[in-house]
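Right, one structure below, let's go through it.
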Amino acid sequence: MIVAAHQPNFLPWLGYFDKMRKADMFITVDHVQMERQSFQNRTRIKTAEGARWITVPVVQSSRDERVADKRVDNSREGRFRWGRKMALTLKYAYQSAPHYAEYAPALTEILEGRWDLLADLNHRLIDFCRDALKIATPMRRSSEMKIAGTRSEMVLDMCRQVGAKAYLSGAGASKGYLDVAAFERAGIEVLWQDFPHPRYEQRPPASPFIEKLSVLDLLFNRGPESAELFAGRASGSPAAPAGKPEVPA
């Protein structure tokens, strides 16, 4: 069984869902400390002026708060105003996209809902997006498990608890801290994600293509074809084994 894991990000980019599709189980790591200015409460979209951040306001209290405990700040500019404003921002940015109208009603309903915890909002949006991409990988929250250790030890303990035979890791920061030898001693293979970003026509079409935007950019522009286009990038070998050259997925 291949396991992948990541914090429950807000409307993540395609690489997030690529890991999910290639895994047999995906664990959202929400028992760890919430980092400020992270992707847990913000993402990027494309506007006529280029890439723009959209952000869910959160209550800033202790720096030791877990992702699972982070609260949404519903006090600004009237009750739940942030959700309505974000829905309007998405409308102004994507209303000319050919498939915006197919997803906007359900997405707007989620954003304008009553959300106390950021993790609950993010999990609902992740479910919305993965359904659109036809991803059925089972998911678990780390906060519902009893995970020991930090960084590499934490990931290894997570894998042991669910009976993983392989761990699919992103090719970013984790390459600097994963103790691959410890995984090998535990009989768990480490795989590095390899994800060639798909190209598609974005709005506005005359501007340069921007990678690593929210998955919404693909959905609004390609609609039901998004799942097929994305699956083509996610098909084949899950990733390259640790210590070996990466090959296209």
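The values are calculated or read from the model by the stated rules, or taken from the named source; none is laboratory data. The model shown is predicted, which means the values in this text are computed figures rather than measured ones. As a convention, Cβ positions derive from the backbone with ideal geometry for all residues, glycine included, and neighbour counts pool all protein chains shown.
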| query | Is one or more of the residues making up the range 155-165 outside any helix (DSSP H, G or I) and under 28 Å from ASP120 (Cβ atoms)? | reply | yes
If we keep only residues of the range 192-246 that are within 12 Å of LEU133 (Cβ to Cβ) and among the aliphatic types (A, V, I, L, M), then the residue modelled with the lowest pLDDT is ALA234
Scanning the range 119-133 for residues that are farther than 19 Å from ALA227 by Cα and surrounded by 18 or more Cβ atoms within 10 Å (Cβ to Cβ) gives ALA119, LEU121, ASN122
For the range 168-191 the number of residues that are under 17 Å from the mean Cα position of the chain (by Cα) and either at pLDDT 90 or above or farther than 21 Å from ALA231 by Cβ (or both) is 5
If we ask which residues in the range 41-97 are part of a strand (DSSP E or B) and among the β-branched types (Val, Ile, Thr), their number turns out to be 7
Among residues of the range 68-92 being without any contact (Cβ under 8 Å) to a residue 60 or more places away in the chain and closer than 22 Å to ALA48 by Cβ, the residue surrounded by the fewest Cβ atoms within 10 Å (Cβ to Cβ) is TYR92
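Conditions tested, residue by residue: (1) of a type in the set (Asp, Glu); (2) within 20 Å of VAL215 (Cα to Cα); (3) at pLDDT below 95.
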{"residue": "TRP53", "(1), (2), (3)": "no, yes, no"}
{"residue": "GLN60", "(1), (2), (3)": "no, no, yes"}
{"residue": "ASP64", "(1), (2), (3)": "yes, no, yes"}
{"residue": "GLY78", "(1), (2), (3)": "no, no, yes"}
{"residue": "ALA87", "(1), (2), (3)": "no, yes, no"}
{"residue": "LYS91", "(1), (2), (3)": "no, yes, no"}
{"residue": "ALA97", "(1), (2), (3)": "no, yes, no"}
{"residue": "ALA101", "(1), (2), (3)": "no, yes, no"}
{"residue": "ALA104", "(1), (2), (3)": "no, yes, no"}
Checked PHE209, PHE195 against criteria (in a loop (DSSP other than H, G, I, E, B), free of Cβ contacts under 8 Å to residues at least 40 places away in the same chain, more than 22 Å from GLN37 (Cα to Cα) and aromatic (Phe, Trp, Tyr)); the one match is PHE209
Of (1) within 23 Å of GLY232 (Cβ to Cβ); (2) among the small types (Gly, Ala, Ser); (3) without any contact (Cβ under 8 Å) to a residue 24 or more places away in the chain; (4) surrounded by 15 or more Cβ atoms within 10 Å (Cβ to Cβ), ALA136 satisfies every one except (4)
Of the residues in the range 98-132, those that are touching a Ser or Thr at 6+ places or on another chain (Cβ under 9 Å), closer than 14 Å to LEU219 by Cα and assigned to a helix (DSSP H, G or I) come to ILE126, CYS129, ARG130, ALA132
